[in-house]
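The values are calculated or read from the model by the stated rules, or taken from the named source; none is laboratory data. In this text, all values refer to a predicted model and were calculated from it rather than measured experimentally. Quick reminder, even Gly has a Cβ in these numbers, built from the backbone with ideal geometry, and neighbours come from all protein chains shown. Remember, those area values only see protein heavy atoms, side chains included, never the ligands or the DNA or RNA. Shrake-Rupley method; radii C 1.70, N 1.55, O 1.52, S 1.80 Å.
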Amino acid sequence: MATSLRELLSGVTTLADVNSRSTPGFDGDKKDARDAMAQLGEELADLQERLWANGTRDDPRTVLLVLQGMDTSGKGGTIRHAAGLVDPQGLRITSFKKPTPEELEHDFLWRIEKALPPPGKIGIFDRSQYEDVLICRVRELAAAEEIERRYDAINDFEQAYVEAGGTMIKCLLHITADNQKERLTARLDDPTKHWKYNPGDVDERALWDDYQQAYDLALARCSTEPAPWFVVPSGRKWYRNWAVATLLLEHLRALGLTWPAADFDVDAEKARVAAS
């Protein structure tokens, strides 16, 4: 039996062990990946519609795709290419920025809980609850004991989400400092990409090793059976997109989704329509 991508990309304990330009589970090239994405799209769209249809019948199941990674790792591109394969009406996309004054008045998970997808929908987080144990640790924006508390709080939150009918797919889009340097340079060389460039990203590069340690700690503390981490090599954009789309498809398949049965007499309704 072929090994699933879920198995290939889980179980990583340190990012240093992952080649960002590797392509586990895929033997082809960029063109092959485009063709594969097109093939994935049809089944993804069908399963998403089944999820949505069941959500209209009080089925509590939802799917949450969490995208986390350093700047330029491709969170936005992944949403466009992978999530773009399904009906946008069935998606709820949330991008987490710097907390607002209102959000800071609450526990760090308050804004996360508000953004969870409703029944039948696929939620996508561009950044996530992990910002509060990554940047807060690196930049010392919270006390050490508070950050330690947050790991357990995140695990409890994720387990509760899964127990309530959710499926959580946590993808760490892994790139190296050299990958990021190439992408930042490409943005500066292309006037149509200047809007994507943030001078602050260069400041964060000085803390690269600290961020890698923070990610390793998040992998160690928060990769659980209900919500494991998947480390997606993202040095090749085409592979990253294929891998995330494939992970989404594998998790949707695992739900065993069927079309909900009619809650009315089909034959009687056919007769009524014919007579109308």
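Name the helices (runs of 4 or more DSSP H) wholly inside the range 1-86 in which the number of residues that are open to solvent by 40 Å² or more (accessible area, probe 1.4 Å) and not hydroxyl-bearing (Ser, Thr, Tyr) is 3 or more.
Where helices (runs of 4 or more DSSP H) fall fully within the range 1-86 and carry at least 3 residues being open to solvent by 40 Å² or more (accessible area, probe 1.4 Å) and not hydroxyl-bearing (Ser, Thr, Tyr), they are 5-9, 30-55.
Quick one: which of Thr246, Thr224 is more than 19 Å from Ser128 (Cα to Cα) and among the β-branched types (Val, Ile, Thr)?
Thr246
How many residues are within 27 Å of Pro233 (Cβ to Cβ) and either open to solvent by 20 Å² or more (accessible area, probe 1.4 Å) or part of a helix (DSSP H, G or I) (or both) if we restrict to the range 152-180?
Residues that pass the stated criteria total 11.
If you check Leu141, Leu134, which single one turns out to be part of a helix (DSSP H, G or I) and within 30 Å of Ala177 (Cβ to Cβ)?
It is Leu134.
Show the residue pairs that are 6+ apart or on different chains and have beta-carbon atoms under 6 Å apart, the first residue being within the range 167-189 and more than 19 Å from Gln213 (Cβ to Cβ), the second being among the aliphatic types (A, V, I, L, M) and in a helix (DSSP H, G or I).
Ile169/Leu247; Cys171/Val244
In the range 193-276, which helices (runs of 4 or more DSSP H) lie fully inside it and hold 1 or more residues that are open to solvent by less than 30 Å² (accessible area, probe 1.4 Å) and either of a type outside the set (Val, Ile, Thr) or free of Cβ contacts under 8 Å to residues at least 60 places away in the same chain (or both)?
Qualifying helices (runs of 4 or more DSSP H): 200-205, 208-222, 237-254.
Kindly indicate the residue of the range 87-113 that is over 15 Å from the mean Cα position of the chain (by Cα) and basic (Lys, Arg) and also surrounded by the most Cβ atoms within 10 Å (Cβ to Cβ) among those meeting that condition.
Here the residue is Arg111.
Only one of (1) within 15 Å of Asp71 (Cα to Cα); (2) more than 14 Å from the chain's Cα centre (by Cα) is not met by Leu172, so which one is it?
All conditions pass for Leu172, except number (2).
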